[in-house]
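Let me begin by presenting the structure, written as structure tokens, before commenting on it.
The values are calculated or read from the model by the stated rules, or taken from the named source; none is laboratory data. Quantities reported herein were computed from a predicted structural model and do not represent experimental measurements. Cβ atoms come from the backbone with ideal geometry, glycine included; neighbour counts cover every protein chain shown. Accessible surface areas use protein heavy atoms only, side chains included; no ligands, DNA or RNA. Shrake-Rupley method; radii C 1.70, N 1.55, O 1.52, S 1.80 Å.
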Amino acid sequence: MTLLGFIGPQEIIVILLVIPVFLIIPLIALVDILRNEFTHNNKIIWVLVVLLSQIIGAILYFFIGRKQKIINP
């Protein structure tokens with residue numbers, strides 16, 4: 001049986017597994033940004049990047065932004 005003529009049960013399962021991943025990754029990035037200190041106004045900039053570009057912004061944060069954290073001894 002197909003839903004709307006072209007979406008079958010396999011596609012629905014894939015969609016239900018993929019969509020939470022695209023929601024969780026930006027959420028993890030936002031939590032990490034808000035829990036840490038950054039130099040200058042980088043915290044505000046990273047929050048905006050992640051909120052406005054979702055998954056791409058979160059991936060950019062994990063590769064670039066985590067290096068900008070202030071590490072307290």
- Message: For the chain, what does the helix formula give at 222 nm: sum of -39500 (n - 2.57) over DSSP H segments with n ≥ 4, over the residue count, nearest 500 deg cm²/dmol?
- Response: -23500 deg cm²/dmol
- Query: So how much accessible area does Leu27 have, in Å² to the nearest 10, using a 1.4 Å probe?
  - Reply: 110
- Message: Explain nothing, just compute: Karplus ³J(HN,Hα) = 6.51 cos²θ - 1.76 cosθ + 1.60, θ = phi - 60°, for every residue of the stretch 37-52 in order, whole Hz, x for Gly and Pro.
- Response: 9, 10, 6, 6, 9, 5, 5, 4, 5, 5, 4, 5, 4, 5, 5, 7
- Task: Run the dipole for the chain about the Cα centre, Lys and Arg Cβ at +1, Asp and Glu Cβ at -1, nothing else charged, and hand back the magnitude in debye, nearest 20.
- Result: 320
- Go through the stretch 23-34 residue by residue and turn each phi into a ³J(HN,Hα) via Karplus (6.51, -1.76, 1.60, θ = phi - 60°); whole Hz please, and just put x for glycine and proline. 8, 6, 4, x, 5, 4, 4, 5, 5, 5, 5, 6
- Task: Report the one residue of Val18, Ile71, Leu34 whose Cα lies farthest in the direction of the positive end of the charge dipole of the chain (charges on C-beta: Lys and Arg +1, Asp and Glu -1; origin at the Cα centre).
- Result: Ile71
- Quick one: how many Å² of Val14 are accessible to a 1.4 Å probe, rounded to 10? 80
- Among (i) -0.23, -0.43, -1.41; (ii) -0.39, -0.57, -1.15; (iii) -0.33, -0.59, -1.29, the value of log10 I(q)/I(0) by the Debye sum over Cα atoms at q = 0.11, 0.15, 0.27 Å⁻¹ computed for this structure carries the label (ii)
- Note on the structure: Charge tally for neighbours of Ile33 with beta carbon under 15 Å away, counting Lys, Arg as +1 and Asp, Glu as -1, is +3
